[in-house]
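I have placed the structure first, in the form of structure tokens, so that the comments after it can refer back to it.
Each value in this text was obtained by applying a stated rule to the coordinates, not by laboratory testing. What you are looking at is a predicted structure, and each value in this text was computed from that prediction instead of being measured. Methodologically, a virtual Cβ is constructed for each residue, glycine included, from the backbone with ideal geometry; neighbour enumeration extends over all protein chains shown.
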Amino acid sequence: CLWCYTNNTCIDYPVRTVLPPSSLCSLSNARWGVCWINFEDLIIAMAVIAGLILVTITVCCCYCCYCRKRSRSRLDEEEEHLARKREERRLQSLQRKHERKLKHDEIRKKYGLLQDSDNPYSRFENE
């Protein structure tokens, strides 16, 4: 229904056109559906709402893309840092293991417990 205030008539809405033609009723005097919704106000309100939705979607997309890129680079840096620390700990562990082996070999040599490398299965003899 298209209510026109100029002649106070309810006209079937012209479905073929988006906006009613001015020959039927001027846009400022045309009301849509219920009598209190002005066509001009409706068009302005819908344009503002559509603009706000588009701006919000654009801002959200840009923000999400920026955050995703930033978080990826931060994760890559953190992963690289953890890999370096893991490698350092592994090297320190190997170094400590080698030092312990040398220390144990010295103690074995001191007490005569170091086995002959040619025959590792020789019997231990008490003196």
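A Förster distance of 25 Å, applied to the separation of the beta-carbon atoms of residue 73 and residue 52, puts the FRET efficiency at 0.20. The angle between the Cα long axis of helix 39-110 and the longest principal axis of the Cα atoms of the chain comes to about 0 degrees, rounded to the nearest 10.
Helix-only arithmetic for the chain: the sum of -39500 (n - 2.57) across DSSP H runs with n ≥ 4, divided by the residue total, places the mean residue ellipticity at 222 nm at -21500 deg cm²/dmol.
Once C-alpha pairs closer than 8 Å and six or more residues apart are averaged by separation and normalised to the residue number of the chain, the relative contact order reads 12 percent.
Sequentially through the stretch 2-7, phi angles give Karplus couplings (6.51, -1.76, 1.60; θ = phi - 60°) of 10, 8, 10, 6, 5, 10 Hz, Gly and Pro residues having no value and appearing as x.
Given the alternatives (i) 46, 34, 26; (ii) 131, 23, 22; (iii) 50, 33, 24, Cα extents along the principal axes in Å as computed for this entry is given by (ii).
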